[in-house]
1. Among 60, 11, 42, flag the residue with its Cα farthest along the positive direction of the charge dipole of the chain, charges on Cβ as +1 for Lys/Arg and -1 for Asp/Glu.
2. As a check on your grasp of the helix formula, calculate [θ] at 222 nm for the chain: sum -39500 (n - 2.57) over DSSP H runs of n ≥ 4, divide by the residue count, round to the nearest 500.
3. Let me spell out the model: positive unit charges on the Cβ of Lys and Arg, negative unit charges on the Cβ of Asp and Glu, origin at the Cα centre of the chain. What dipole size does that give, in debye rounded to 20?
4. If R0 is 25 Å, what FRET efficiency do you get for residue 60 and residue 39 from their C-beta distance, rounded to 0.05?
5. Place the peptides 39-51, 23-35 in order of packing, highest mean first, counting for every residue the other Cβ atoms within 10 Å and averaging per peptide.
6. State the extension gain, in nm to one decimal, for the chain segment bounded by residue 52 and residue 24, taking 0.36 nm per residue of separation less the distance between their alpha-carbons.
7. Leaving out ligands and nucleic acids, note down the accessible area per residue over the chain with a 1.4 angstrom probe, in whole Å².
8. Determine the share of the chain's accessible area contributed by carbon and sulfur atoms, expressed in whole percent, with a 1.4 angstrom probe.
Amino acid sequence: MSGKVCSSNSVVQAQRVVDQLRVEAGMERIKISLTAAELVQYCQEHRRSDPLLTGIAASSNPFKDKKTCVLL
């Protein structure tokens, strides 16, 4: 009885793998050279509004401490 349950589980697992592979095979693929060029262009176009590059103004930074901490 246990052998049938294990066999059934492995069949279900194999079917899931096959289904996933079919989904992946159906995806549109884009060459990395095109994708990389688009990514570089996007980064260059949006670099002025990127807070990692320009920083966040202290007045609009929600994470900035409101009070300073002083240890006695």
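The values are calculated or read from the model by the stated rules, or taken from the named source; none is laboratory data. Just so it is clear, the structure is predicted and the values come from calculations on it, not from any experiment. Backbone-built Cβ (ideal geometry, glycine too); neighbour counts: all protein chains shown. To get the accessible areas, we keep the full protein, side chains included, count just its heavy atoms, and leave off ligands, DNA and RNA. Shrake-Rupley method; radii C 1.70, N 1.55, O 1.52, S 1.80 Å.
1. It is 60, whose Cα lies furthest towards the positive end.
2. -19000 deg cm²/dmol
3. Charge dipole of the chain: 240 debye, to the nearest 20.
4. Between residue 60 and residue 39 the formula returns 0.35.
5. Highest mean packing first, the order is 39-51, 23-35.
6. Value of the extension gain: 6.7 nm.
7. Using a 1.4 Å probe on heavy atoms only, each residue of the chain averages 103 Å².
8. 60 percent
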